There are 2 protein chains.
Amino acid sequence: MSLPHPDADQIALPNVLAALGDETRLAIIGCLARCDAMNGLVCGQLGGLTSKTNLTYHVAKLREAGVVNVRPEGTKRRVTLRRDDLDARFPGFLDTVIASAIDLPLVDITLRQLHEAVQA
Amino acid sequence: MSLPHPDADQIALPNVLAALGDETRLAIIGCLARCDAMNGLVCGQLGGLTSKTNLTYHVAKLREAGVVNVRPEGTKRRVTLRRDDLDARFPGFLDTVIASAIDLPLVDITLRQLHEAVQA
DNA sequence: GTCCTTGTTCAAAATTCATTGAACAATTGA
DNA sequence: TCAATTGTTCAATGAATTTTGAACAAGGAC
């Protein structure tokens, strides 16, 4: 884990709320929620949402708030939801957020692009 | 109810998250959570947080997102949490938020001022 | 009616946040 | 080594939010 992440017990809800109070970041959460059953996503797979540079920015926000974990894999970055940590700290909270995040139009757009990318 | 409020079934979590992703508004929620067992608070009682004008702004944000109800009482405005509506729509969510909101330093400052105001 | 209290409106200023593009690093694979 | 892929950094722009003050309503007390 080479990037700085807050410890589980240092995750603060005000920071989490601020991190999630943004459409783009909610859409990222929605994609992760649908795809991270196994191993999360790599930043590039979220390309439909916004530019590469901007993704770096938003993923960092989520990481600093303790919402996601980012693990380098070669030149890629694997992004996963910190489900266990969030559930332990704020029971039920993440599920509520996910339920609304996966309804966002942006998520569907990106998931379609992800699907096309996998087929290509 | 002379001010516009969203119906219970129109409360959208992205809006709620955006409304709560702000220190001042979280502090308002914290005060309400401690004081609204009976009948909520009046804007003036939140005076320790920020200016009158700014309170109007933040309370409106919370109202528009569906987090609070604002009811005119003469020249005052009684502000209450929309507990039932939020619990019905996002079970457990509000309790989680409140638990962290009442720990905010700003809340204690304001509650002390409220206490002093009541004694005076 | 005349104050006083409470809160709103409006426009302006200040601040913060989000987005972009160019240049750069690091890894992978040929 | 060379090129392609993936993502970062930095500075700058643009956009949205927050904050402020002056002037204004609306109601209650006298």
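Looking only at other chains, what is the average number of their beta-carbon atoms within 10 angstrom of each beta-carbon in A:82-95? Don't jump to the answer; show the numbers that get you there.
Working: counts 0, 0, 0, 0, 0, 0, 0, 2, 7, 3, 6, 6, 0, 4.
Mean partner-chain Cβ count within 10 Å for A:82-95: 2.
Roughly what would the spin-label model give for B:Thr80 and A:Thr75, points 7 Å off Cα along C-beta, in nm?
Spacing of the two 7 Å Cα→Cβ label points: 6.0 nm.
Could you work out how far helix B:23-35 tilts from the main Cα principal axis of chain B, as a 0 to 90 degree angle to the nearest 10?
80 degrees
In nm, give the distance between the simple-model label positions of A:Asp103 and B:Leu3, each being 7 Å from the Cα along the Cα-to-Cβ direction.
2.5 nm
Sorted from shortest, what are the nm distances separating the label point of A:Asp9 from equivalent points in the other copies, each placed 7 Å from Cα along Cα to C-beta?
4.5
Take the alpha carbon atoms of the range A:3-36, find their center, do the same for the range B:89-120, and report the distance between the two centers in whole angstrom.
What the calculation gives is 24 Å, centre to centre.
Where nothing but the Cβ of Lys and Arg (+1) and of Asp and Glu (-1) is charged, how large is the charge dipole of chain A around its Cα centre, in debye to the nearest 20? Before the final figure, lay out each step's value.
Working: 13 positive and 14 negative charges, 83 e Å.
Roughly 400 debye, rounded to the nearest 20.
Accessible area lost on pairing B with A, both sides, 1.4 Å probe, Å² to nearest 100? The partial results should precede the final answer.
On the way: alone 6610 and 6570 Å², together 12080 Å².
That pair hides around 1100 Å² of surface in total.
Using only C-alpha atoms and all pairs of different ones, pull out the Kirkwood radius for chain B in Å with one decimal.
Details: mean 1/r = 0.0699 Å⁻¹.
Roughly 14.3 Å, rounded to one decimal.
Modelled label-to-label distance, A:Ala60 and B:Asp87, 7 Å Cα→beta-carbon offset: nm?
Simple spin-label model gives 4.2 nm for this pair.
Taking only Cα atoms, what is the 0 to 90° angle, nearest 10, from helix B:52-65's long axis to the longest principal axis of chain B?
Long axis of B:52-65 versus the principal axis of chain B: about 20 degrees.
If I take R0 = 41 Å and measure r between the Cβ atoms of A:Ser51 and B:Lys52 in this structure, what FRET efficiency does the formula 1/(1 + (r/R0)^6) give, to the nearest 0.05? All intermediate terms of the calculation are to be shown ahead of the outcome.
Details: r = 41 Å, r/R0 = 1.01.
Result of the calculation: an efficiency of 0.50.
For the protein assembly as shown, which semi-axes, largest first and in whole Å, follow from the square roots of 5 times the eigenvalues of its Cα gyration tensor? Numbers along the way, then the final one.
On the way: eigenvalues 275, 71, 41 Å².
Gyration-tensor ellipsoid for the protein assembly as shown: 37, 19, 14 Å.
Just counting partner chain Cβ atoms within 10 Å, what average do the residues of peptide B:11-24 show around their Cβ?
On the way: counts 0, 2, 10, 11, 2, 5, 13, 7, 2, 7, 9, 4, 2, 0.
Shielding by partners across B:11-24 averages 5.
The values are calculated or read from the model by the stated rules, or taken from the named source; none is laboratory data. Quick caveat, the model's predicted, so the values are computed rather than measured. With ideal geometry, Cβ positions are generated from the backbone for all residues, glycine too; neighbour counts draw on all protein chains shown. The area values use the complete protein model at the heavy-atom level, side chains included, leaving out ligands, DNA and RNA. Shrake-Rupley method; radii C 1.70, N 1.55, O 1.52, S 1.80 Å.
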